[in-house]
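Here is the structure we will look at.
The values are calculated or read from the model by the stated rules, or taken from the named source; none is laboratory data. Source: prediction; values computed, not measured. Cβ sites come from the backbone with ideal geometry, for glycine too, and all protein chains shown count toward neighbours.
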């Protein structure tokens with residue numbers, strides 16, 4: 001008898017790309033293979049999920065995930081964004097406490113995943129272009145005003161939200177982005 005007859009290992013994917021989670025089968029695999037330590041479970045249930053839920057009014061904040069290359073940032077963001085978009089993935093979570101907490105947000109978001117590479121575009125122009133493109137794919141037509149024609153960018157985003165809320169009531173728009181550096185910034189706005 002060989003060890004291979006007793007133990008089966010799935011190959012480890014060394015690099016997780018956030019946008020892989022756009023594909024349902026990849027999202028399923030990413031959720032099912034995510035190992036949740038007690039420390040990570042605490043961070044997810046006490047920090048991440050409470051900031052994302054929108055049933056109970058709190059002073060919700062954006063989240064910034066920082067870590068060195070290969071520390072699991074993209075895998076973490078893929079899991080959280082996949083759960084936010086698709087409630088059917090909840091059963092794939094290995095930690096019961098995280099599964100229970102994640103039920104508050106699962107399937108309640110329209111998620112946009114994007115990567116920001118080396119560019120000279122302003123962050124505002126990148127976000128607006130990506131948001132317009134993805135909203136159009138969802139059937140929402142909204143064009144942000146040019147940056148030089150408005151005095152308040154926040155108002156433009158507030159004006160966009162009712163356009164998407166008509167198509168997707170009881171959901172929120174969720175933005176997940178990675179850059180070519182080691183930071184990842186998910187942020188959520190209410191619908």
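Of these, 20, 86, which one is within 30 Å of residue 117 (Cβ to Cβ), at pLDDT 95 or above and crowded, with 17+ Cβ neighbours inside 10 Å?
86
Within segment 91-119, work out how many residues are under 23 Å from residue 134 (Cα atoms) and in contact (Cβ under 8 Å) with a residue 40 or more places away in the chain. First the steps, then the outcome.
Here is the first cut: in segment 91-119, the residues under 23 Å from residue 134 (Cα atoms) are 105-119.
Still in the list and also in contact (Cβ under 8 Å) with a residue 40 or more places away in the chain: 105, 108-118.
So the count comes out to 12.
Go through segment 104-118 and report how many residues are part of a loop (DSSP other than H, G, I, E, B) and over 7 Å from residue 85 (Cα atoms).
Just the residues of segment 104-118 that are part of a loop (DSSP other than H, G, I, E, B), to begin with: 104-108, 117-118.
Right, trim to over 7 Å from residue 85 (Cα atoms) and you get 104-105, 117-118.
Residues in segment 104-118 being part of a loop (DSSP other than H, G, I, E, B) and over 7 Å from residue 85 (Cα atoms): 4 in total.
Inside segment 38-52, can you point out the residues that are surrounded by fewer than 17 Cβ atoms within 10 Å (Cβ to Cβ) and either more than 15 Å from residue 80 (Cβ to Cβ) or within 15 Å of the chain's Cα centre (by Cα) (or both)?
Passing the criteria: 38, 39, 47, 50.
Is segment 63-83 home to any residue that is modelled with pLDDT under 95, closer than 21 Å to residue 134 by Cβ, in contact with a strand residue (DSSP E or B) (Cβ under 9 Å, 6 or more places away or on another chain) and in a loop (DSSP other than H, G, I, E, B)?
Looking through segment 63-83, at least one residue is modelled with pLDDT under 95, closer than 21 Å to residue 134 by Cβ, in contact with a strand residue (DSSP E or B) (Cβ under 9 Å, 6 or more places away or on another chain) and in a loop (DSSP other than H, G, I, E, B).
For a quick check of your reading of the model, give me the residue pairs whose first member lies in segment 73-90 and is free of Cβ contacts under 8 Å to residues at least 40 places away in the same chain, whose second is outside any helix (DSSP H, G or I), with beta-carbon atoms closer than 7 Å and at least 6 apart or on different chains.
From residues that are free of Cβ contacts under 8 Å to residues at least 40 places away in the same chain, the pairs are 87/106; 87/107; 90/103; 90/106.
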